[in-house]
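Here it is: the structure, laid out below.
Quick note: the coordinates plus some simple rules give every number you see, no bench work behind them. Note that the structure is a prediction, hence the values are computed from the model and not measured. Positions of Cβ are generated from backbone atoms using ideal geometry, with glycine treated the same way; all protein chains shown enter the neighbour counts.
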Amino acid sequence: MAIIILGTMAFDAIETPFGKTEKVIGGSATYAAYAASHLTHPLQQISIVGEDFPIQELTDLKNRGVQLDGVEIVNGKKSFFWSGKYHLDMNARDTLVTDLNVLADFNPKVPDSYQDADYLMLGNVMPSLQLSVIHQLKKRPKLVVMDTMNYWMETAMDDLKKVLKKVDVLMINDSEARQLSGDYSLVKSAKSILEMGPSYLVIKKGEHGALLFDKDSVFFAPALPLEDVFDPTGAGDTFAGGFIGHLAQTGDISFESMKTAIIYGSALASFCVEKFGPLMLKEIDNRDIQNRLDKFVQLVNFDLKF
């Protein structure tokens, strides 16, 4: 079943305690598409790039079942660029450079060929752009998943609240959940946020796993302990791609299915952090993913004897 993915396609320059790279492919839509491509097709990308974005990268995405009818290529301009430096614990980072470039004039258009998509992934972009894509769809998708961040909570809260009323699943990290709700307790935060519109809330806690809430239930999934975390950039977007990719693959959007989807998202994110950019997502195959999923099962499997 088709998934529309709205988000950025960009360049990143990253420095971590384990290395440094001047320019790699990045962007929320890029990571989400590479992750979801391991699970389902077609993927229908909506984004914008400059003339400097590599043709080979677009070809690689097409070869993975990603349709690019909704990707605008602007001649004479540069793609979105972000540079950041991670601290030793890899959970904190400093943004060094943000060049919006073509993203400053992004006005997403939903092609006619995308109108029958059953799933919509709203990547982390300006809430007004997320809202625009929702309004352009002639029929409501079976499931709408949204990612956002603290910056939009600080600068575009009114639009953010409008989007929240129209989505099924919200994905944010623990600090963003506290900021959005005004509560420190994540359980209280979840209750407040679900009252804003979404039916489900995923709170990402990085190396400490993820929580899934609906109005009646809560599920916790651990993160896989890794010996080396090389570059966490894009891990959250990869998680989102794996999450919605699994749901689209099965056609099941129940709470129980979302529990499994979180494990798929976590497994794919665990590959993402092992190299700069989306390189690992390009290199792995289904056998690698299954082996990683098996490790998650072993991680939480135990017997209780009374």
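Taking N as the number of residues in the range 8-156, what is its alpha-carbon radius of gyration divided by 2.2 N^0.38 Å?
Taking N as the residue count of the range 8-156, the ratio is 1.07.
Would you mind ranking Thr40, Thr21 so that the residue whose beta carbon has the fewest other beta carbons within 10 Å leads the list?
Lowest to highest Cβ neighbour count: Thr21, Thr40.
Dipole of the chain (Lys/Arg Cβ +1, Asp/Glu Cβ -1, origin at the Cα centre): which of Thr59, Gly27, Gly197 lies farthest to the positive side?
Gly197
Still on this structure, I have one more. So if the hydrodynamic radius of the range 196-306 is defined as the Kirkwood radius over C-alpha pairs, what does Stokes-Einstein give as its diffusion coefficient at 25 °C and 0.890 mPa s, in µm² per second?
Here the translational diffusion coefficient equals 168 µm²/s.
Would you please report the Å³ per residue occupied by the convex hull of the alpha carbon atoms in the range 86-204?
For the range 86-204, the hull spanned by Cα atoms encloses 124 Å³ per residue.
Take the Cα coordinates of the range 24-112, assign each an equal point scatterer, and use the Debye formula without solvent to give log10 I(q)/I(0) at q = 0.12, 0.15, 0.20, 0.21 Å⁻¹.
Taken in order of the listed q values, log10 I(q)/I(0) reads -0.43, -0.65, -1.01, -1.07.
Of the listed peptides 101-108, 1-8, what is their order by residue-averaged count of other C-beta atoms within 10 Å, with the highest listed first?
Listed from highest to lowest mean packing, they are 1-8, 101-108.
Would you work out the Kirkwood radius for the range 3-300? I mean one over the mean of 1/r across all pairs of different Cα atoms, in Å.
For the range 3-300, inverting the mean 1/r across all distinct Cα pairs yields 19.0 Å.
Let me ask another. For each pair in Lys62/Lys282; Lys188/Lys295; Lys142/Lys215; Lys139/Lys204; Lys162/Lys259, compute the distance between the two Cα atoms and list the pairs where it is over 24 Å.
In this structure, Lys188/Lys295; Lys139/Lys204; Lys162/Lys259 lie more than 24 Å apart at Cα.
From Cα pairs below 8 angstrom and at least 6 apart in sequence, can you work out the relative contact order of the chain, rounded to a whole percent?
Worked out over the chain, it gives 18 percent.
May I pose another question? Given H placed 1.01 Å from N in the peptide plane, which residues other than close sequence neighbours of Ile48 have an amide H under 5 Å from its amide H?
The answer is Met9, Glu72.
Using packing as a proxy for protection, rank 11-18, 151-158, 137-144, 118-125 so that the peptide with the highest average count of other Cβ atoms within 10 Å comes first.
Output ranking for 11-18, 151-158, 137-144, 118-125: 118-125, 11-18, 137-144, 151-158.
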